[in-house]
Amino acid sequence: MGELGRVGTRRLRWSMLTISVGAIVFGAACGNSSSPSGTNSSTGGRCTTCAGTGGVAGLAVSGANSSGGAGAGGQVVVAPAGQGGVVESGGRGGGAGSGAGGLPSSAGGGVGGSGDSLAQGGEAPTVEAGNGGESGDGERPYVGAEGAAGGCGANVLHPWAEWPMPNPASAGLPNPQSFSAHGEADEEIVTDDVTGLEWQRNGDFNDFVDQQAAIARCEALTLGGFCDWRLPSRIELVSLLDVSHFDPAIDPDAFPTPQLGLFWTSSTYDSTDGWAVNFSVGAVFFEGASSSALSVRCVRTGRTSQGAAVPSPRYEPAGDGELRDLATGLIWQIGQSPTELVFDAAADYCATLAPSDWRVPSVTELQTLVDESRSMPAIDTAAYPETESASYWSSSLYAGFPGNGWMVSFANGSSSYWYLYDTHWVRCVR
């Protein structure tokens, strides 16, 4: 059967088993900022967090509809500096003012004092740094991305993994999944200890909406004192998958609320479809953006280093026929198996390569190679010119039915499972 025929068959087969149902962002906390005299002001649909003189700096967020102010120790985003201030340029919309103590960028300055900000109507606010005061502890704000209308944080799309990709804790692979729950109401937030992303832990996951409504729901969410929640991208939501579990394919201790079926991402496949992740089985596919009603789980960037500009180029040579992904740290084979192989033969093939630590990637690791802006094949062809518009084996077994394993189609970027005796291409990793 031809590849496109097999893809179509797989989608039908997966659908029958489905229960239907890319910059560092430190978002502003809604309520008083971290300075003892911090205040919030919101005018014209924007959420602004400010910190008063002294104390710990407020968190600064820059987006088309957000701004953060900081007292001593923060940074300035899109704002003029008073005497001794530090100014950092950013994207459209908001800004934050502060004194010294934050991370300088683009310009230097002396000791600064307290900062204050106020969003005015529909225009971007102006933030100034005052004089005097001792510097405090500053956090780096998100700089340079265009925000979405309404919320206090920008709905910024992160199409690439900007952190090591977690693997199931039981798989014996690098970067085992680890989560920490926190928050006041039933530990309402879960931090991914590998990626640093912070996730909505509980919610009404049976309230199904289309993709745009899902984006709006996360932008409107206030949880754990934060209002910079957003709908995750495809690769961010993929990072939660644990395919060693089935129904749901997620760590049940970290995320105890029943969550079966499809969840929206903010990533688009084409003009009519958006990417979704199936947490019943673990598959990744696309659904009608306006015609499909799916579940919603929100994310915020939290304490991750995510968002430092994605390296360009993303890959660097790591040896003969090898490329290192500068964001995930994985080293990939540029080429691939000389022919399509069955599942067990894929592992044997990688074991023949030198050095001896080559292996077949997990399904979530393999997903980090998908380039959502491309298809046929859905990969950076300048980096991986031999890639077929076909399916590639992962090392992950399907927990829902013995004798099946996970693969990623580089025709379109989707993932599904198939019989272990079927043959597919292999690209090794270490």
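At a glance:
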read-out	value
Tensor-based shape of region 272-364 (alpha-carbon gyration tensor, a/c under 1.5 rounded, otherwise prolate or oblate)	oblate
Net +/- balance of residues flanking A345 in space, Cβ distance below 15 Å, scoring K and R +1, D and E -1	-2
Normalised contact order of region 167-288, rounded percent, pairs of Cα under 8 Å and 6 or more residues apart	18
Charge sum, other residues only, whose C-beta stays under 15 Å from S312's C-beta, Lys/Arg counted +1 and Asp/Glu -1	-3
Residue order, fewest to most beta carbons within 10 Å, for W199, W393, W229	W199, W229, W393
Packing-based order for 292-302, 210-220, 359-369, using average beta carbon neighbours within 10 Å, highest first	359-369, 292-302, 210-220
Packing rank of 346-356, 274-284, where each peptide gets the mean count of other beta carbons within 10 Å, highest leading	274-284, 346-356
Around S233: net Lys/Arg minus Asp/Glu count, Cβ-Cβ under 12 Å	-1
Sites S291 and Y419 - FRET efficiency at Förster radius 35 Å, r taken between beta-carbons, to 0.05	0.65
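FYI, it's all coordinate maths here, none of it is from the lab. Everything quoted here is computed from the prediction, not taken from an experiment. Because the Cβ atoms are built from the backbone with ideal geometry, glycine has one as well, and the counts that use them run over all protein chains shown.
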